[in-house]
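Asks: Following this message is one structure expressed as structure tokens.
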Amino acid sequence: MLTISVPLRVRYHECDPMNVAHHSAYAVWFEIARTELLRQQGSVYAQLEKDGVLFVVARLSTRFRKPAYYDDELTVEVTAHRSVGVKIEHTYRVLRGKELLATGETTLACVDRAGKLRPVPAALLED
């Protein structure tokens, strides 16, 4: 398992009229963290796409505990869990300092350009 932390700041356009981060922003934050995790594993998603390796979100779950507000400095922790076959699973923690705001999980399915399931490249399955 590999875990990284990605800092981010809640942007104005991600908030509702009460300056609370909208629930849809969390999915974007998870994706930002996943992309950075992939970079740390030595891959770049744009290159994977060129090679015909695509990932689609098959499952997304978020548990909200406390709100995030406009201009908050947050950390998104992402962990890639050991996967086999055609999927990769991740878990997330969204923190403001040490305060846990939300947790999440995703399952990504690996597909080819035609949308057909294909094995996850071996390099992405290594710890």
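Asks: Cα to Cα, under 27 Å, and not fewer than 8 places away if on the same chain: which lysines meet these conditions relative to Lys50?
Replies: Here the lysines satisfying the reach criterion relative to Lys50 are Lys87, Lys116.
Asks: Also: Among Val57, Val120, Gly85, which residue has its Cα positioned farthest towards the positive end of the charge dipole of the chain, with +1 placed on the Cβ of Lys and Arg, -1 on the Cβ of Asp and Glu, and the dipole taken about the Cα centre?
Replies: Gly85
Asks: While we're on this one: Summing Lys, Arg as +1 and Asp, Glu as -1, what charge do residues with Cβ under 14 Å from the Cβ of Arg11 carry, Arg11 excluded?
Replies: Numbers: positive: Arg9; negative: Glu14, Asp16, Asp71, Asp72, Glu73.
Cβ neighbours under 14 Å give a net charge of -4.
Asks: Oh, and also: How long is the gain from Arg113 to Tyr70 if the chain were fully straight, where each residue apart is worth 0.36 nm and the alpha carbon distance is subtracted?
Replies: Numbers: separation 43, 0.36 × 43 = 15.48 nm, distance 3.79 nm.
Length gained, Arg113 through Tyr70: 11.7 nm.
Asks: Could you tell me the calculated FRET efficiency between Ser24 and Leu95, based on Cβ-Cβ distance and R0 = 22 angstrom, to the nearest 0.05? Before the final figure, lay out each step's value.
Replies: On the way: r = 19 Å, r/R0 = 0.88.
Between Ser24 and Leu95 the formula returns 0.70.
Asks: Pop a pseudo-label 7 angstrom from the Cα along the beta-carbon direction at both Arg9 and Gln40 and give the gap in nm to one decimal.
Replies: It works out to 2.2 nm between the two label points.
Just so you know, all these numbers are worked out from the coordinates, no wet-lab data involved. These numbers were taken from a predicted model, which means no experiment stands behind them. Glycine also receives a Cβ, built like all others from the backbone with ideal geometry; neighbour counts cover every protein chain displayed.
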